[in-house]
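For reference, the structure discussed in these notes is given below.
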Amino acid sequence: MTNTSQTFKFIIVGSMGTGKTSLMTRFTENDFYPEIPHTMGVEFATKIVTVMKEPVKIQIWDTAGQERFRAVTRSYFRGSAGVLLVFDVTRRSTFNQISGWLNDAKTLTNPNSVIFLVGNKIDLEDRQVSREEAENFALENELQYMETSAKTGNNVEETFMETARVVYERVKQGKLDVTATNARTKTSEKISVKPDSYVQMQKKKTGCC
């Protein structure tokens, strides 16, 4: 197993059905499952990548988008070096709700944590949020912006790797301390906090949204 000197914790947040789990699955497994139940609680996966010629373990926490899980989601922001705020470009309501997620991110993470706005599902037609509008929102709120398709894989790895690169730079500059992140989790380990009704369904495949 590759030895890693640093572990970066990322959290993925956004409204239900925006493709958060699918983004995580595409990045960690290079796979996509079209018919998967919504995340209920949290899911977790890791991947070792190379950032500036140094191996880094990325811990990715994928959270439920339902309001009833909001308190649970907030508890996972602590210690996050990277935050991905995900919306569905074909559903304006998910973009309108980004401000609430952004407020949580800014309130509950380090001021120097890296926050990316991610417009997902660009493979679909009937787009409701233009790239220009999303970029303007990102600019106004000092966010990075990327557009992705978890289905095709378009820009998914680039989004996670760019987040990791910016985190790495801030760590080297002394702006971020990632030493408190739990680095004991095995690279292949994945956990889910979900209702028993479909835990068995998930044993053979990774979740979606």
_Qualifying residues in the range 110-125 (those that are in contact (Cβ under 8 Å) with a residue 60 or more places away in the chain and part of a loop (DSSP other than H, G, I, E, B)) - the one nearest to Ala150 (Cα to Cα)_ = Lys121
*Qualifying position, being on the phi < 0 side of the Ramachandran plot, modelled with pLDDT of 80 or more and in contact with an Asp or Glu (Cβ under 8 Å, 6 or more places away or on another chain), among Glu54, Glu43*: Glu43
*asked:* Consider the range 153-173. How many of its residues are at pLDDT 95 or above and not in a helix (DSSP H, G or I)?
replied: 3
*Taking only pairs six or more apart or across chains, which ones have beta-carbon atoms under 7 Å, a first residue in the range 57-74 that is on the phi < 0 side of the Ramachandran plot, and a second residue that is among the aliphatic types (A, V, I, L, M) and at pLDDT below 60?*
Lys57/Ala183; Ala64/Met40
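Hey, can you tell me all the residues within the range 126-151 that are out of contact with any Pro (no Cβ under 9 Å at 6 or more places or on another chain), at negative phi, assigned to a loop (DSSP other than H, G, I, E, B) and touching a residue at least 24 places away in the same chain (Cβ under 8 Å)?
Answer for the range 126-151, where residues must be out of contact with any Pro (no Cβ under 9 Å at 6 or more places or on another chain), at negative phi, assigned to a loop (DSSP other than H, G, I, E, B) and touching a residue at least 24 places away in the same chain (Cβ under 8 Å): Arg127, Gln128, Val129, Asn141, Leu143, Thr148, Ser149, Ala150.
Out of all the residues in the range 4-23, which are in a helix (DSSP H, G or I) and modelled with pLDDT of 95 or more?
The one that is in a helix (DSSP H, G or I) and modelled with pLDDT of 95 or more: Leu23.
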*asked:* Can you say whether Ala150 is at pLDDT 95 or above and touching a helix residue (DSSP H, G or I) at 6+ places or on another chain (Cβ under 7 Å), as far as the supplied structure shows?
replied: yes
*Kindly provide the set of residues from the range 128-144 that are more than 19 Å from the chain's Cα centre (by Cα) and either aliphatic (A, V, I, L, M) or surrounded by fewer than 13 Cβ atoms within 10 Å (Cβ to Cβ) (or both), ordered by number.*
Val129, Ser130, Glu132, Asn136, Leu139, Glu140
*Members of the range 145-158 found to be surrounded by fewer than 18 Cβ atoms within 10 Å (Cβ to Cβ) and among the polar types (S, T, N, Q), listed by number*: Thr152, Asn154
*Those residues that are closer than 15 Å to Lys20 by Cα, touching a Phe, Trp or Tyr at 6+ places or on another chain (Cβ under 6 Å) and not polar (S, T, N, Q), I need them from the range 77-97; list them, please.*
Gly82, Leu84, Leu85, Phe87, Phe95
*Please specify each residue of the range 163-177 satisfying the condition of being surrounded by fewer than 20 Cβ atoms within 10 Å (Cβ to Cβ) and in contact with a helix residue (DSSP H, G or I) (Cβ under 9 Å, 6 or more places away or on another chain).*
Lys175, Asp177
_If Leu124 satisfies all but one of (1) at pLDDT below 95; (2) out of contact with any Leu (no Cβ under 6 Å at 6 or more places or on another chain), what's the number of the condition it fails?_
(1)
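The values are calculated or read from the model by the stated rules, or taken from the named source; none is laboratory data. What you are looking at is a predicted structure, and each value in this text was computed from that prediction instead of being measured. Reconstructed Cβ throughout: ideal geometry from the backbone, glycine too, with neighbour counts over all protein chains shown.
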